[in-house]
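In what follows, a single structure is set out as structure tokens and then discussed.
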2 protein chains.
Amino acid sequence: MIKISVLYPNKPGSHFDMGYYLSTHMPLAMRLLAKGLRKTEVDAGIQGAKPGEPPAFFGGCQFYFDSIEAFSAAWTAAAPELSTDIPKYTNVAPIIQFNEVKLSL
Amino acid sequence: MIKISVLYPNKPGSHFDMGYYLSTHMPLAMRLLAKGLRKTEVDAGIQGAKPGEPPAFFGGCQFYFDSIEAFSAAWTAAAPELSTDIPKYTNVAPIIQFNEVKLSL
């Protein structure tokens, strides 16, 4: 299983509207990426390693697909609309990474 | 649900032994953190946003607990042994973050 991780860095001076992300952007993303999408998880950052320490990331999401190819097929059609939506909730570029899920239990 | 995310940055000159991490460190972590641990996921980084682009993180894991307090109770006893094991597979300090899982489906 492939997990595409999208993380928004909590940089000084940056902003992230978690309300919009949860209510509007992620439902849009899940609809546009629906073909082949096995699972979606959305996280909101609480803190860093210690209480009171700001989280490194505002939060983000993980999309689970069977393969990179399956994600890419869905992403090509979805990218223009999703990319246009990003400035509505943040001014930071996400860190995007493809992972192989080695263990899930 | 709380997700503790542990990510190992893929810095220039750093190393990460995924074999040791999967075969030895993660089983140890899951055993030592077992009380209250709801789920564990382990990822191996494949690439960044584009093919051929190195992943921002070698990989890492996510521990799911009911609350920060439940994790902290397990972590206090486990920390010495787990921390001692880290230099056996990497020379980078992980980025640790507490998240609230807002959506999982």
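The values are calculated or read from the model by the stated rules, or taken from the named source; none is laboratory data. Please read these numbers as outputs of a predicted model, since none were measured by experiment. Virtual Cβ from ideal backbone geometry, glycine too; neighbours counted across all protein chains shown. Heavy atoms of the whole protein, side chains included, go into the accessibility calculation; ligands, DNA and RNA do not. Shrake-Rupley method; radii C 1.70, N 1.55, O 1.52, S 1.80 Å.
Observations
- Exercise: per-residue mean of other protein chain Cβ atoms within 10 Å, B:89-97: 3
- A cut-off of 5 Å between modelled amide H atoms, ignoring neighbours fewer than 5 places along the same chain, links A:K39 with A:Y64.
- Across segment A:10-97, the relative contact order, built from alpha-carbon pairs under 8 Å that are at least six residues apart, equals 41 percent.
- Loss of accessible area when A meets B, both sides summed, Å² nearest 100, probe 1.4 Å: 2900 Å²
- Between amide H atoms placed 1.01 Å from N, distances below 5 Å from A:I46 occur with B:F98, B:N99, B:E100, all of them 5 or more places distant or on a separate chain.
- Heavy-atom surface of chain B, accessible at 1.4 Å and reported per residue (Å²): 47 Å²
- Estimated distance in nm for a label pair at A:E69 and B:A70, the labels positioned 7 Å out from Cα along Cα-to-Cβ: 4.0 nm
- Expressed per residue, the C-alpha convex hull volume of the protein assembly as shown stands at 121 Å³.
- Sites B:A34 and B:S83 - FRET efficiency at Förster radius 22 Å, r taken between beta-carbons, to 0.05: 0.80
- Acute angle (nearest 10 degrees) that the helix A:68-85 long axis makes with the longest principal axis of chain A, alpha-carbon atoms: 50 degrees
- Phi-derived couplings, Karplus 6.51 cos²θ - 1.76 cosθ + 1.60 at θ = phi - 60°, listed residue by residue for segment B:17-23: 9, 4, x, 5, 4, 6, 8 Hz, with x used for Gly and Pro.
- Protein-protein interface of segment A:1-21, residues with accessible area decrease of at least 40 Å², isolated chain reference, 1.4 Å probe: A:K3
- Accessible surface of chain B [probe 1.4 Å, protein heavy atoms]: carbon and sulfur percent: 59 percent
- Cα gyration tensor category, rounded, prolate or oblate, for chain B with a/c compared to 1.5: oblate
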